[in-house]
1. Can you confirm whether Val96 is in contact (Cβ under 8 Å) with a residue 60 or more places away in the chain and either in contact with a Phe, Trp or Tyr (Cβ under 6 Å, 6 or more places away or on another chain) or surrounded by 13 or more Cβ atoms within 10 Å (Cβ to Cβ) (or both)?
2. Scan the strands (runs of 3 or more DSSP E) fully inside region 33-109 and keep the ones with 3 or more residues being out of contact with any Pro (no Cβ under 8 Å at 6 or more places or on another chain), within 12 Å of the ligand (Cβ to nearest atom) and farther than 25 Å from Val119 by Cβ.
3. For His80, are the conditions met, namely being surrounded by 14 or more Cβ atoms within 10 Å (Cβ to Cβ) and either β-branched (Val, Ile, Thr) or touching a helix residue (DSSP H, G or I) at 6+ places or on another chain (Cβ under 8 Å) (or both)?
4. Are any residues in region 101-110 modelled with pLDDT of 90 or more and under 20 Å from Asp46 (Cβ atoms), and if so, which ones?
Amino acid sequence: MSPRTKPRQRRSPSEESRRRRAARQKVRTDAQRFWAKVQVPPEGDDVSCWPWTAAVNAKGYGVFFFGSRLDGSRRTVLAHRFAWELVNGPLPDGIVLLHSCDTPACVRHGIPGTQADNVADMIAKGRNVLPPGRRVAA
Ligand SMILES: [Zn+2]
């Protein structure tokens, strides 16, 4: 074995695996990145919430970033909305997702409704906070 080929053979496998790892990370889809941040319960559990384990906003709703800053495609979406649209397709304009489980970080229990439904639901559950004498226009 010549002195020139020996170091090359030692170095080559790790460079190759680094390249492969980089290639894998590049082709990971937004959906794959998304589901990696959801704590999905064991198979057979059809009831429990699916908590979002990454960033949340001030109200406790999961937020998910996708796209690239480089090409201007960077977007921030609510995690439960992203999950619903992954499974069911785009939500129409003006439709919000209500949480049937009242757990903001849950990405499983979203139910489409209007903002009026959302307000009515909040009032029914005693979660509206309004100044005295004010009523919510539904
Ligand atoms: Zn839930």
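The values are calculated or read from the model by the stated rules, or taken from the named source; none is laboratory data. Keep in mind that what you see is a predicted model, and the values were worked out from it rather than measured. Note that we place each Cβ from the backbone using ideal geometry, even for glycine, and neighbour counts take in every protein chain shown.
1. Working: in contact (Cβ under 8 Å) with a residue 60 or more places away in the chain: no; either in contact with a Phe, Trp or Tyr (Cβ under 6 Å, 6 or more places away or on another chain) or surrounded by 13 or more Cβ atoms within 10 Å (Cβ to Cβ) (or both): yes.
No, not satisfied.
2. Numbers: elements: 63-66, 75-78, 95-99.
Ranges flagged: none.
3. Numbers: surrounded by 14 or more Cβ atoms within 10 Å (Cβ to Cβ): yes; either β-branched (Val, Ile, Thr) or touching a helix residue (DSSP H, G or I) at 6+ places or on another chain (Cβ under 8 Å) (or both): no.
The answer is no for His80.
4. Step one: list which residues in region 101-110 are modelled with pLDDT of 90 or more, which gives 101, 103-110.
Hits for region 101-110 are Cys101, Thr103, Ala105, Cys106, Val107, Arg108, His109, Gly110.
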